[in-house]
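Some notes on the structure that comes next.
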Amino acid sequence: MAIEQTVLEAKRYGVVSCDPQASLLLAAQRMVEEDISALVVVGSDGSLQGLISRTDLMRALIDDQNWQNRSVAEYMNPDVVTVSEDASIQEVANILLDRQIHRVVVVKKYPEQNLPISVVSAADIVYHMTRKS
């Protein structure tokens with residue numbers, strides 16, 4: 001794998017998303033079905049609103065016995081680390097290590113919104129490390 005390779009050249013998965021008003025139960029089911037650890041939260045216009053992870057779901061479980069009925073918006077992280085589509089794998093690896101996070105959302109940036117087009121995780125980078133250049 002070339003670490004200069006852009007995230008879009010190396011991406012393995014697209015974006016699995018949900019609405020901020022979706023229930024946490026729906027989000028949890030979607031994560032299990034897709035075998036992923038987080039969902040990108042998008043508004044009705046497709047713009048990035050946040051990220052909901054397994055950890056957020058566990059926090060909801062601890063906070064509320066009726067967690068299933070709570071909305072994604074209540075527990076999502078609105079401060080998502082993003083990169084542009086021309087970011088390199090090395091840049092993403094550095095961000096993940098420096099910020100001690102597991103994933104970044106690749107976005108197409110517009111003046112009024114960011115549209116998510118991919119998610120790159122530490123698992124994706126390790127996956128590509130095993131592939132021949």
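The values are calculated or read from the model by the stated rules, or taken from the named source; none is laboratory data. Here the structure is a predicted model, which is why all the values come from computation and not from measurement. Reconstructed Cβ throughout: ideal geometry from the backbone, glycine too, with neighbour counts over all protein chains shown.
Candidates are the residues of region 14-44 that are assigned to a loop (DSSP other than H, G, I, E, B) and closer than 12 Å to P116 by Cβ; the one that is modelled with the lowest pLDDT is G14.
Would you confirm whether or not region 84-92 contains a residue that is surrounded by 15 or more Cβ atoms within 10 Å (Cβ to Cβ), under 23 Å from V7 (Cβ atoms), of a type in the set (D, E) and touching a Ser or Thr at 6+ places or on another chain (Cβ under 8 Å)? Scanning region 84-92, I find at least one residue that is surrounded by 15 or more Cβ atoms within 10 Å (Cβ to Cβ), under 23 Å from V7 (Cβ atoms), of a type in the set (D, E) and touching a Ser or Thr at 6+ places or on another chain (Cβ under 8 Å), so the answer is yes.
Please pick out the residue among V80, V105, V92 that is in contact with a strand residue (DSSP E or B) (Cβ under 7 Å, 6 or more places away or on another chain), modelled with pLDDT of 90 or more, assigned to a loop (DSSP other than H, G, I, E, B) and not basic (K, R). Just a single option satisfies the conditions, and that option is V80. Here the condition is being loosely packed, with under 12 Cβ neighbours inside 10 Å, over 15 Å from Q49 (Cα atoms) and touching a residue at least 60 places away in the same chain (Cβ under 8 Å); of R99, R131, R103, it holds for R131 alone. The residues of region 69-80 that are of a type outside the set (D, E) and surrounded by 14 or more Cβ atoms within 10 Å (Cβ to Cβ), listed by number, are R70, S71, V72, A73, Y75, M76, N77, V80. I'd like to check something: does region 59-75 contain any residue that is in contact (Cβ under 8 Å) with a residue 60 or more places away in the chain and not polar (S, T, N, Q)? Checked against the condition, which is being in contact (Cβ under 8 Å) with a residue 60 or more places away in the chain and not polar (S, T, N, Q), region 59-75 yields no hits at all. State yes or no: is L48 under 21 Å from H102 (Cβ atoms), buried (at least 19 other Cβ atoms within 10 Å of the Cβ), out of contact with any Gly (no Cβ under 9 Å at 6 or more places or on another chain) and at pLDDT 95 or above? It is true that L48 is under 21 Å from H102 (Cβ atoms), buried (at least 19 other Cβ atoms within 10 Å of the Cβ), out of contact with any Gly (no Cβ under 9 Å at 6 or more places or on another chain) and at pLDDT 95 or above.
Of all the residues in region 106-122, those that are over 15 Å from the mean Cα position of the chain (by Cα) and either of a type outside the set (D, E, K, R) or buried (at least 18 other Cβ atoms within 10 Å of the Cβ) (or both) number 3.
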